[in-house]
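Here's the structure we're looking at; comments come further down.
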């Protein structure tokens with residue numbers, strides 16, 4: 001059978017000639033240019049439907065159409081045909097586009113390396129230019145702070161050092177004398193003048209740059225980057241932080257500066273940076289007038305010591321003695337409460353209530369709020385506010401002292417007890433009982449703790465022979481006991497001691513008995529005239545610490561003065577106590593060094609001047625009033641029976657090798673003869 005040939009679709013060309021087509025194209029082009037002048041392409045583009053929506057609608061419409069037959073003779077749906085057309089159109093478009101030739105990746109030419117000296121010179125010139133602009137008119141250049149910080153991001157350590165020093169100098173000069181508050185949204189919406197807007201933009205730029213600079217200082221101060229054995233950048237960062245804290249303590253981010261310094265003080269390694277930070281805090285305490293900076297510093301300091309379990313250097317605790325509240329605060333406080341001094345004798349007159357309208361009251365309220373804002377901006381603190389801050393500071397100080405007493409930390413006992421003695425006039429009487437009990441416990445267990453430490457040292461002696469500790473602490477229990485006694489008697493000095501002893505039932509006989517029992521052992525102590533620092537640092541460099549330098553002799557004389565010559569009731573001392581201490585002191589004068597002997601004989605001269613008739617019989621063998629024998633090692637003062645003995649030590653002291661001691665004994669005997 002003969003097969004029929006397949007039908008083919010005949011494609012015909014248009015019937016127009018080539019000349020006619022060219023003429024029509026020219027007309028169409030002219031018409032196109034005329035009509036194109038009135039077109040609005042943007043509006044047409046806005047009104048043009050989006051592709052995604054059109055495709056979706058078309059897809060829904062084509063879903064109901066019947067399949068059709070294509071040129072190849074196959075039946076397809078309308079969706080498949082559209083997909084093929086779309087893919088072809090995309091293929092044609094991709095065909096029409098010229099494929100970019102893949103160019104070989106050529107390495108970029110390296111920038112010429114600039115020598116370090118040239119980089120440093122350029123950085124110096126740039127920073128000098130920026131600093132000059134800020135010095136002339138800082139409000140016109142708010143972006144200069146960011147530019148300075150950008151220069152400090154250099155990889156060269158010399159440029160970093162120079163940048164942080166220049167920034168410190170610039171901020172110290174441009175920071176105003178008030179604290180800048182963050183701009184709120186309501187204030188930002190207000191209509192402001194051009195000058196006010198410019199000032200606010202400048203202030204916000206300065207505060208932002210200052211905060212970033214302090215963060216940079218904190219990061220650098222904790223690092224250990226060194227520059228060829230020169231001064232490390234951490235030391236320079238600490239210097240900048242100390243300078244800013246003392247120069248602008250009123251400005252923003254004071255707490256961040258304090259954290260940088262106190263973090264350095266938390267280490268027990270004492271170097272130049274440690275002393276620098278400690279001196280900066282001392283200066284801050286001395287120059288603090290409103291109390292807020294000191295309160296923040298003490299808060300951060302006490303938290304740091306508590307976090308480290310009070311394993312800090314003694315000089316850190318002595319920073320409390322530089323606070324201005326030591327001489328300015330007039331109230332009484334403890335670790336929990338504050339009691340203000342108000343006797344109620346002066347009553348404020350009752351003011352007559354003045355009638356004001358609603359509008360006047362509203363205006364007065366707005367005026368008070370404006371005055372409050374101005375006072376805050378001018379860093380002016382009222383007397384009541386300063387007293388409140390000082391009372392909070394005092395509570396934190398007493399809380400730290402009391403924790404150290406409870407924990408009985410050996411290397412902080414001297415500073416703690418001396419601090420309590422210095423702050424004794426500010427201690428609330430309700431706090432006396434707990435404090436005296438803590439002091440008694442310290443005396444009771446000091447010798448036991450010292451013996452335990454000695455035993456542990458002997459066990460680990462072979463292991464520690466190779467170790468070298470420059471700041472090894474040498475504990476002196478007798479010195480601690482004297483400091484406890486001084487503190488106990490200083491608590492009652494300058495206060496209403498009679499009411500305190502009667503109301504609170506304070507008993508100081510424990511301290512008196514302990515001192516009496518330790519007089520003979522103290523007289524043979526070879527380190528009697530050496531200070532606390534001398535005992536600790538016999539073979540090392542002395543530290544710059546002017547606190548707690550009193551010798552054991554000075555502490556002993558203070559204790560004896562509080563017992564034999566109490567300032568609150570000097571005539572109430574019992575004759576038996578006076579005679580017992582006099583006899584012990586005369587015996588001890590034979591053993592102590594010459595300066596200590598002069599001090600003891602001078603104290604006895606004052607005692608004879610005040611209580612001469614009570615103890616004059618000790619120098620006369622025919623007027624003995626006691627029976628039995630004298631017991632210098634008795635457990636109590638009264639049990640020593642002093643009137644059964646005589647002061648025969650004077651005959652030996654007349655032949656003492658020191659001329660001044662011989663003169664003191666002669667003056668003492670003259671005062672005895674003058675008593676009738």
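The values are calculated or read from the model by the stated rules, or taken from the named source; none is laboratory data. It should be emphasised that the depicted structure is a prediction, and the values quoted were computed from it without experimental measurement. Here Cβ is always computed from backbone atoms with ideal geometry, including for glycine, and neighbour counts include all displayed protein chains.
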| query | Of the residues that sit in the stretch 658-676 and are in a helix (DSSP H, G or I), under 17 Å from residue 613 (Cα atoms) and out of contact with any helix residue (DSSP H, G or I) (no Cβ under 7 Å at 6 or more places or on another chain), which one is modelled with the lowest pLDDT? | reply | 673
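Residue by residue, here is whether (1) modelled with pLDDT under 85; (2) surrounded by 10 or more Cβ atoms within 10 Å (Cβ to Cβ); (3) farther than 24 Å from residue 170 by Cα holds:
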site	(1), (2), (3)
81	yes, yes, yes
87	yes, yes, yes
92	yes, yes, yes
100	yes, no, yes
104	yes, no, yes
111	yes, no, yes
147	no, yes, no
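Yes/no matrix, rows are residues, columns are (1) under 37 Å from the mean Cα position of the chain (by Cα); (2) at pLDDT below 80; (3) within 26 Å of residue 426 (Cα to Cα):
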position: 485; (1), (2), (3): yes, no, yes
position: 492; (1), (2), (3): yes, yes, yes
position: 503; (1), (2), (3): no, yes, yes
position: 517; (1), (2), (3): no, no, no
position: 539; (1), (2), (3): yes, yes, no
| said: Criterion first (at pLDDT 85 or above, under 30 Å from the mean Cα position of the chain (by Cα), surrounded by 14 or more Cβ atoms within 10 Å (Cβ to Cβ) and farther than 19 Å from residue 243 by Cβ) does residue 158 satisfy it? | reply: yes
| field | Candidates 215, 172, 228, filtered to the one that is out of contact with any strand residue (DSSP E or B) (no Cβ under 6 Å at 6 or more places or on another chain), modelled with pLDDT under 90 and either farther than 21 Å from residue 145 by Cβ or part of a helix (DSSP H, G or I) (or both) | value | 228
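One line per residue, one yes/no per condition, for (1) surrounded by 17 or more Cβ atoms within 10 Å (Cβ to Cβ); (2) in contact (Cβ under 8 Å) with a residue 60 or more places away in the chain:
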| residue | (1), (2) |
| --- | --- |
| 566 | yes, yes |
| 590 | no, yes |
| 599 | yes, no |
| 627 | no, no |
| 640 | yes, yes |
| 655 | no, no |
| 668 | yes, yes |
| query | Out of all the residues in the stretch 136-148, which are in contact with a helix residue (DSSP H, G or I) (Cβ under 7 Å, 6 or more places away or on another chain) and in a helix (DSSP H, G or I)? | reply | 138, 139, 144, 145, 146, 147, 148
| task | Considering each residue of the stretch 417-431, count those that are part of a helix (DSSP H, G or I) and farther than 20 Å from residue 515 by Cα, and give that number. | result | 8
